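These notes are about the structure you will find just below.
The values are calculated or read from the model by the stated rules, or taken from the named source; none is laboratory data. Remember, it's a predicted structure, so these values are computed and weren't measured experimentally. Here the Cβ positions follow ideal geometry from the backbone for every residue, glycine too, while neighbour counts run over all protein chains shown. The accessibility values were calculated without ligands, DNA or RNA, using every heavy atom of the protein model including side chains. Shrake-Rupley method; radii C 1.70, N 1.55, O 1.52, S 1.80 Å.
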Amino acid sequence: MIRIPLFSRLNATGIAVVCTLVGCAPGYKATDVDPIGTSEDTAETGDADTDADSDADSDADSDADSDTDSDADTDADSDADSDADSDADSDADTSVDVCPSTGPDWSWVVETLEVGNTTDGVDLDGDGTVDNVMAVARGSLNTSILAELSGATVVLMQFWGVDDWCNDDMNGAIGWGSDTDGDHSDNYTGTESFDATLDSSGHMAMASAATIAGSTWTASIPSASMTIGGYVLTPVTPVLLEGQATETTNIGVFGFGIDKEVLRGIAVDNGWDPALADTLADLDTDADGVNDAISAGFTFDATACTLF
């Protein structure tokens with residue numbers, strides 16, 4: 001309700017003038033006015049206005065206080081819920097493995113191993129591109145690799161300390177082993193056992209710390225050696241490996257640099273120009289401004305096995 005203040009005054013002719021907020025107008029004679037009654041009415045009106053204003057102010061204050069308390073309670077509840085949710089999420093993230101491993105140690109036997117194309121391999125010189133000059137000799141080398149993997153000698157891989165196949169710190173190794181039962185047909189069944197050179201902890205020696213991030217594992221083995229088709233490929237750089245692994249399969253690539261003289265020997269044996277080694281050398285391992293090594297990249301596909 002809108003209240004309009006009302007009062008009266010006498011004009012010069014003795015006529016009472018009624019005034020409101022919008023102006024004043026003649027009303028009744030002054031002799032008709034009961035001063036006591038008018039005072040009482042005015043007092044009552046004032047009291048009513050005062051009571052109404054007080055009630056309105058009290059209601060407004062109460063509403064404001066209620067709203068403030070409600071907002072504060074809501075904010076507090078919201079903050080508490082948010083903190084609880086945040087704490088719950090944090091606990092969930094740190095306590096649950098995304099891709100849990102059912103055991104800490106795993107091994108695989110390499111089923112296919114090939115010198116890759118120029119786009120298969122790893123970045124050996126840090127320029128952001130794959131390095132694999134050895135791809136020019138992949139035809140003859142892959143024939144030799146296939147022949148070797150068809151015999152008693154096998155290429156083995158091993159991981160240990162694996163808790164999560166999506167994101168984890170672990171150890172990885174690569175090495176050679178033997179198929180002792182003489183039956184090549186069961187090598188890739190997932191249950192075959194191979195004789196490998198293991199240390200007292202049951203692990204292969206050519207190993208290094210490795211990581212799994214976003215389901216892709218990476219490792220850098222300081223030194224290793226491969227004999228392919230009678231050629232000893234001794235790396236002059238670390239062996240870099242990466243791939244995707246599960247408890248049953250391991251698929252990926254690896255690469256390293258070898259002395260260009262190895263390629264020179266391969267060139268001579270295949271009737272190629274030996275100068276090809278100098279032309280194709282793409283790695284400067286001693287930082288003297290002259291490329292002295294050839295990059296080699298390989299692809300592999302491995303199946304689960306056990307080692308002894």
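So here's what we get for this one:
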{"quantity": "Residue in the range 231-242 that is loosely packed, with under 13 Cβ neighbours inside 10 Å, on the phi < 0 side of the Ramachandran plot and not β-branched (Val, Ile, Thr) present", "calculated": "no"}
{"quantity": "Some residue of the range 116-129 being touching a Lys or Arg at 6+ places or on another chain (Cβ under 9 Å) and buried (at least 21 other Cβ atoms within 10 Å of the Cβ)", "calculated": "yes"}
{"quantity": "The range 133-147, residues that are open to solvent by less than 60 Å² (accessible area, probe 1.4 Å) and either under 29 Å from the mean Cα position of the chain (by Cα) or within 29 Å of Glu247 (Cβ to Cβ) (or both)", "calculated": "Asn142, Ile145"}
{"quantity": "Tabulated pairs, the range 118-138, first over 14 Å from Ile258 (Cβ atoms) and modelled with pLDDT of 95 or more, second among the small types (Gly, Ala, Ser) and surrounded by fewer than 16 Cβ atoms within 10 Å (Cβ to Cβ), C-beta under 6 angstrom, 6+ apart or interchain", "calculated": "none"}
{"quantity": "Search result, residues across the range 279-308 that are in contact with a strand residue (DSSP E or B) (Cβ under 6 Å, 6 or more places away or on another chain) and charged (D, E, K, R)", "calculated": "Asp282, Asp301"}
{"quantity": "Candidate set: the range 285-302, residues that are in contact (Cβ under 8 Å) with a residue 60 or more places away in the chain and either open to solvent by 70 Å² or more (accessible area, probe 1.4 Å) or more than 30 Å from Thr189 (Cα to Cα) (or both); chosen: the one farthest from the chain's Cα centre (by Cα)", "calculated": "Ile294"}
{"quantity": "Test: residue in the range 159-169 that is open to solvent by 50 Å² or more (accessible area, probe 1.4 Å), outside any strand (DSSP E or B) and at pLDDT 90 or above", "calculated": "yes"}
{"quantity": "In the range 208-224, the residues that are open to solvent by 30 Å² or more (accessible area, probe 1.4 Å) and over 18 Å from Gly121 (Cβ atoms)", "calculated": "Ala209, Thr211, Ala213, Gly214, Ser215, Pro222, Ser223"}
{"quantity": "Tally of residues being of a type outside the set (A, V, I, L, M), more than 30 Å from Gly257 (Cα to Cα) and either touching a Cys at 6+ places or on another chain (Cβ under 6 Å) or open to solvent by 30 Å² or more (accessible area, probe 1.4 Å) (or both) across the range 97-115", "calculated": "5"}
{"quantity": "Among the candidates Asp286, Asp278, residue that is out of contact with any Lys or Arg (no Cβ under 9 Å at 6 or more places or on another chain), of a type in the set (Asp, Glu) and at pLDDT 90 or above", "calculated": "Asp286"}
